[in-house]
Amino acid sequence: MVDKIKVENLSCYYNKKCVLEVPYINVVQNEILSIIGPANSGKTTFLRTLNRMNDLDITYSRKGEVYLDGKNIFDMNMENLRKRVGMLFAMPIPLPMSIYENIVYAPKHLGLVTRKSDQDVIVEQALKGASLWNEIKDRLNTSAMKMSGGQQQRLCIARILAINPEVILFDEPCSGLDPISTAKVEESMIELKQKYTIILVTNNVKQASRVGDRTAFFLMGKLVEIDKTDKLFVTPQKKETEDYITGRFG
Ligand SMILES: Nc1ncnc2c1ncn2[C@@H]1O[C@H](COP(=O)(O)OP(=O)(O)OP(=O)(O)O)[C@@H](O)[C@H]1O
Ligand SMILES: [Mg+2]
């Protein structure tokens, strides 16, 4: 088992106030690591640190290090890092253009493809990866805005796959989706871990238990516990974890 990501002695601050402390977390290659925890526990801050999205926020600062394949991400070129570590937000919105153009937008912008035949390949592969190809292959040139919410969410997954990342960060990808759409997104995540390393932030404890190989519990800016998902849900080591997963929290 190879560590894709390693986080060491991480502390994150907004306006110099510490909102997250993670002494150590590793993410194993090709696993799904679920992160659960109530609002304001630092889950999104954690993800935004891993692809340096928070570098754009001048109120944000950090101590500690994050390694991707053993290399410090804070020494990397930001554009390269973002290509390798893609992020899907809660309720992402497609661009107001066709399904096809949505997918090739980033690869074109990044100069990864020019030829139409190469673009066709990327579109098909990305849509297959996001378990969407069969549903929409006959209407690639229609507006993405006409898709259902669940399809739009999977289209946004396809857009990430189109830049061929190594790690995908999902921030509550199913909030606002119905159970059937949620199940489809979960299926595609399980499919995707064969090729990618995935971190899934979810406020749905059941979702974490369904798809996570391991699960981490964050509470008020602290990593309380991390373990194999089965173990964390059946025999949690900390009382706070038990209270949260049994719904007794708060
Ligand atoms: N841009 C920001 N500026 C100032 N404070 C922020 C900013 N973003 C987050 N915070 C604060 O940092 C803490 C952690 O927030 P974060 O968004 O990481 O939590 P979360 O676990 O993702 O919560 P939720 O479940 O509501 O999405 C919170 O107290 C929040 O108010
Ligand atoms: Mg959040």
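The values are calculated or read from the model by the stated rules, or taken from the named source; none is laboratory data. These numbers were taken from a predicted model, which means no experiment stands behind them. For neighbour counting, all protein chains shown are included, and Cβ atoms are generated from backbone atoms with ideal geometry for every residue, glycine included. These accessible areas exclude ligands, DNA and RNA; they are computed on the full protein's heavy atoms, side chains included. Shrake-Rupley method; radii C 1.70, N 1.55, O 1.52, S 1.80 Å.
Take LEU81 and tell me if it is in a helix (DSSP H, G or I) and either farther than 20 Å from THR215 by Cβ or in contact with a Pro (Cβ under 7 Å, 6 or more places away or on another chain) (or both). Answer is yes for this residue. Sub-6 Å Cβ pairs linking a first residue in segment 189-205 that is open to solvent by 30 Å² or more (accessible area, probe 1.4 Å) to a second residue that is away from ligand 2 (no atom under 16 Å from the Cβ) and assigned to a loop (DSSP other than H, G, I, E, B), at least 6 apart or interchain, are LYS193/ASN30, ordered by first then second residue. Scan segment 115-135 for residues that are under 23 Å from GLY86 (Cα atoms) and surrounded by 14 or more Cβ atoms within 10 Å (Cβ to Cβ) and the total you get is 14. Candidates in segment 216-249 are the residues that are among the polar types (S, T, N, Q) and at pLDDT 95 or above; of these, the one that is most open to solvent (accessible area, probe 1.4 Å) is GLN237. Within segment 140-151, residues that are outside any helix (DSSP H, G or I) reach partners that are β-branched (Val, Ile, Thr) with beta carbons closer than 8 Å, at six or more positions or on different chains, in the pairs LEU140/ILE99; LEU140/VAL123; ASN141/ILE99; THR142/ILE99; SER143/ILE99; MET147/ILE99; MET147/ILE136. With the structure loaded, tell me whether ILE103 is in a loop (DSSP other than H, G, I, E, B) and either more than 16 Å from ligand 1 (Cβ to nearest atom) or more than 30 Å from SER41 (Cα to Cα) (or both) or whether it fails that test. No: the conditions fail for ILE103.
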